[in-house]
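These notes are about the structure you will find just below.
The values are calculated or read from the model by the stated rules, or taken from the named source; none is laboratory data. The structure displayed is predicted, hence computed values, not measured ones. Methodologically, a virtual Cβ is constructed for each residue, glycine included, from the backbone with ideal geometry; neighbour enumeration extends over all protein chains shown.
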Ligand code: B12
Ligand code: SF4
Ligand code: SF4
């Protein structure tokens with residue numbers, strides 16, 4: 001199973017060691033675990049049970065039935081597990097949900113005013129969170145197993161068939177806002193999620209309730225109208241999906257709406273008023289490696305340059321071709337005629353989506369696209 005580890009120590013479980021009050025023992029372990037999570041760098045830890053959100057199976061089914069996952073076929077492939085965390089690992093008794101902050105120290109939307117530069121979303125500015133969060137989850141999991149010998153854990157961040165947001169809401173970490181991401185009244189919305197499933201029965205926390213009220217700032221901020229309704233996203237229109245997940249040419253109708261966003265999008269998160277209360281993140285490795293490079297510099301990267309430049313970054317995952325395709329859409333949207341020659345040089349690129357994007361950019365800059 002991707003991004004999971006399973007460990008089993010060989011001494012007896014905590015309730016079998018003669019403790020007359022296993023509930024108190026579980027509460028003590030949980031409190032100590034929360035302290036260890038804070039020590040490891042997580043902003044918050046909360047606990048739920050694998051069966052806490054029975055409605056997610058139906059919601060996932062509706063999302064998939066409407067085709068809102070686009071080309072992300074992997075969402076449908078293991079949907080029996082994705083929609084039912086209790087079926088994923090029947091022995092699990094608790095799900096420990098963790099929040100890891102990556103709050104930006106700058107206005108993430110300022111770069112949208114610089115059309116000759118690349119807007120790269122905040123989460124991808126530094127090191128890949130999959131690596132950093134997973135390392136911390138494993139550290140925490142090991143700590144737990146030392147205190148609860150004989151028990152087992154699996155850690156998840158992002159790529160396993162687990163719906164992290166509803167579980168995090170059930171655990172009380174925050175609520176799924178109208179933009180569908182998890183936010184909290186004191187953390188804001190700039191945080192990643194990680195999960196530890198365990199056979200250890202820990203006391204569950206109370207779920208968080210929604211605090212969006214009548215606000216709809218995120219819905220109104222979306223450049224592509226990707227929300228068919230509050231709390232629902234059609235990924236096929238989301239710039240994050242289009243720039244990161246979507247293979248091949250992007251629908252020409254949507255290309256102008258990408259602006260200079262070449263990797264991910266932050267508009268709905270940045271619009272949220274709860275971010276006024278966002279806490280600063282302590283992990284400096286999420287910051288400032290890539291910033292906002294000139295489009296001219298990025299369009300000419302070959303495969304080796306691309307891999308060297310984005311080593312350790314989540315951007316590396318999309319490969320040179322999809323990346324340059326995105327850069328060419330941004331060039332087309334830049335209104336900067338001096339970039340036309342760079343696009344023209346890529347019209348015969350061996351990658352058909354790159355060649356098509358180059359052609360589109362040249363025509364658009366010439367005012368004919
Ligand atoms: C697939 C995916 C995407 C897809 C689809 C996003 C989506 N919203 O589904 C794309 C590529 C578009 C994407 C984009 C982003 N992603 Co993403 N993504 C995921 C992933 C792998 C799965 C999400 C999923 O299961 N979607 C399926 C849908 C059906 O589930 P859902 O979003 O929870 O939808 C719920 C609502 O529709 C709800 N619902 C329906 N009707 C109603 C009605 C009411 C009243 C309510 C309350 C709810 C409700 O029911 C569904 C289930 O609860 C998760 C990691 C994980 N394994 O969970 C990361 C994850 C959600 N992504 C993350 C991030 C950071 C992003 C981006 C911000 C990155 C960026 N800057 O570009 C954007 C945000 C875009 C957005 N507004 O969602 C983080 C979010 C952290 C957080 N604080 O929530 C996650 C959790 C990764 C992580 N481990 O940190 N992502
Ligand atoms: S990430 Fe951007 S495109 Fe996607 S839903 Fe949010 S604002 Fe819309
Ligand atoms: S912008 Fe408003 S509606 Fe959207 S998540 Fe934040 S509070 Fe909720």
Search the range 155-177 for residues being farther than 15 Å from residue 53 by Cα and buried (at least 24 other Cβ atoms within 10 Å of the Cβ), and hand back the single one that is nearest to ligand 1 (Cβ to nearest atom). 157
Residues that are surrounded by fewer than 24 Cβ atoms within 10 Å (Cβ to Cβ) and in contact with a helix residue (DSSP H, G or I) (Cβ under 6 Å, 6 or more places away or on another chain), drawn from the range 188-200: 188, 189, 192, 193
Mind listing whichever residues of the range 175-217 are on the phi > 0 side of the Ramachandran plot and outside any strand (DSSP E or B)? 180, 213
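Confirm whether residue 319 is assigned by TED's automatic domain parsing to the domain that holds residue 224, out of contact with any helix residue (DSSP H, G or I) (no Cβ under 6 Å at 6 or more places or on another chain), at positive phi and free of Cβ contacts under 8 Å to residues at least 40 places away in the same chain.
In short, yes.
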For the range 25-51: of the residues being surrounded by 19 or more Cβ atoms within 10 Å (Cβ to Cβ) and under 18 Å from residue 165 (Cβ atoms), which is farthest from ligand 3 (Cβ to nearest atom)? 50
Quick check: is even one residue across the range 98-115 over 20 Å from the mean Cα position of the chain (by Cα), surrounded by 15 or more Cβ atoms within 10 Å (Cβ to Cβ), assigned to a loop (DSSP other than H, G, I, E, B) and not assigned by TED's automatic domain parsing to the domain that holds residue 343? yes
Answer yes if at least one residue in the range 200-211 is within 9 Å of ligand 1 (Cβ to nearest atom) and not assigned by TED's automatic domain parsing to the domain that holds residue 28, and no otherwise. yes
Within the range 201-222, count every residue that is within 16 Å of ligand 2 (Cβ to nearest atom) and surrounded by fewer than 23 Cβ atoms within 10 Å (Cβ to Cβ). 8
Check whether at least one residue in the range 118-126 is within 16 Å of ligand 2 (Cβ to nearest atom), in contact with a helix residue (DSSP H, G or I) (Cβ under 6 Å, 6 or more places away or on another chain) and not in a loop (DSSP other than H, G, I, E, B), and report yes or no. yes
